[in-house]
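Here is the structure we will look at.
The values are calculated or read from the model by the stated rules, or taken from the named source; none is laboratory data. Worth saying up front: this structure is predicted, and the values here are computed from it rather than measured. Cβ sites come from the backbone with ideal geometry, for glycine too, and all protein chains shown count toward neighbours.
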């Protein structure tokens with residue numbers, strides 16, 4: 001079974017406890033569909049490990065990711081770069097030891113215009129583990145710069161051909177003003193020569209501030225547009241990438257959080273169902289007791305998939321029976337993420353599998 005057929009879903013997950021739990025609890029059929037792109041957040045723990053060149057801390061981090069994923073994953077250090085006192089070569093060097101020793105199927109990520117130190121670090125890992133690399137293009141690369149002219153030089157420096165590289169076209173957010181996927185892909189010559197091609201963009205908003213209290217929906221325009229592109233047979237198998245139930249642009253939080261509305265983010269086939277309450281820190285309001293109440297409202301709706309659908313659904317069902325303040329934002333984000341990964345993984349596998357069958361029957365593969 002090739003990579004396109006087995007791992008057609010590439011969600012970006014910014015590594016923390018919720019992401020770890022959601023990956024650990026994936027059912028087997030979804031695990032064989034998902035190849036996550038793990039972004040390390042610039043947490044205080046990570047900065048401390050980087051500053052002290054704590055090899056054990058980096059090894060522990062990679063081992064935890066590998067244990068949760070239990071399959072190939074892509075690792076991106078891009079978010080941590082502005083906060084690290086170490087150059088990328090040193091960071092990748094500290095990660096390399098455990099990757100080699102434990103035979104971890106890690107794919108390192110490189111950007112379009114990396115520093116020489118980053119290239120050296122990536123090349124060292126890629127040469128050692130032979131898993132190829134992920135080239136992640138950002139909107140500025142795709143829309144504003146002559147990246148196609150620069151690609152041969154970058155690939156030459158890495159000593160790689162396209163067939164060893166996963167191309168990720170990361171548009172960050174879904175914007176209706178962006179060109180259709182078919183037009184966008186036509187700007188890339190010889191797409192079939194890359195190992196895999198993923199279009200990545202997120203339709204989930206950065207904030208739910210504009211969502212009303214109660215229940216509302218947000219269109220999953222990222223998935224719907226990808227499914228349409230797949231149905232029109234662009235000519236290459238496009239993997240689907242999204243930012244799950246978080247916004248596509250990372251916005252670090254500085255200082256304590258003193259305002260937050262209780263909410264559950266629940267994916268349904270073409271939309272997200274948003275169950276939203278009031279500010280949990282409002283001392284005159286119901287506070288954290290809102291989450292079990294929102295869960296009770298959700299499980300009573302026809303859109304609820306049932307407690308056995310995913311670990312997140314089981315979490316929601318169990319907590320809907322509680323009448324005391326229970327859970328926190330991380331737990332409920334994890335529940336929504338778990339459900340999203342299972343639903344989307346199965347949707348993507350179904351679309352990709354049907355397309356593969358059609359291509360086989362018509363002699364296009």
If you go through the stretch 319-341 one residue at a time, do you hit one that is out of contact with any strand residue (DSSP E or B) (no Cβ under 6 Å at 6 or more places or on another chain), under 22 Å from residue 270 (Cα atoms), modelled with pLDDT of 95 or more and part of a loop (DSSP other than H, G, I, E, B)? no
Can you tell me which residue in the stretch 215-240 is surrounded by the fewest Cβ atoms within 10 Å (Cβ to Cβ), limited to those that are part of a strand (DSSP E or B) and at pLDDT 95 or above? 219
Residue, nearest to the chain's Cα centre (by Cα), within the stretch 188-207, restricted to residues that are surrounded by fewer than 13 Cβ atoms within 10 Å (Cβ to Cβ) and in a loop (DSSP other than H, G, I, E, B): 207
Could you check, for the stretch 33-53, whether at least one of its residues is under 17 Å from the mean Cα position of the chain (by Cα), part of a loop (DSSP other than H, G, I, E, B), at pLDDT 90 or above and surrounded by fewer than 22 Cβ atoms within 10 Å (Cβ to Cβ)? no
Mind listing whichever residues of the stretch 290-318 are assigned to a helix (DSSP H, G or I), closer than 14 Å to residue 264 by Cβ and touching a residue at least 40 places away in the same chain (Cβ under 8 Å)? 291, 297, 312, 316
Test result for residue 276, surrounded by 18 or more Cβ atoms within 10 Å (Cβ to Cβ) and modelled with pLDDT of 90 or more: yes
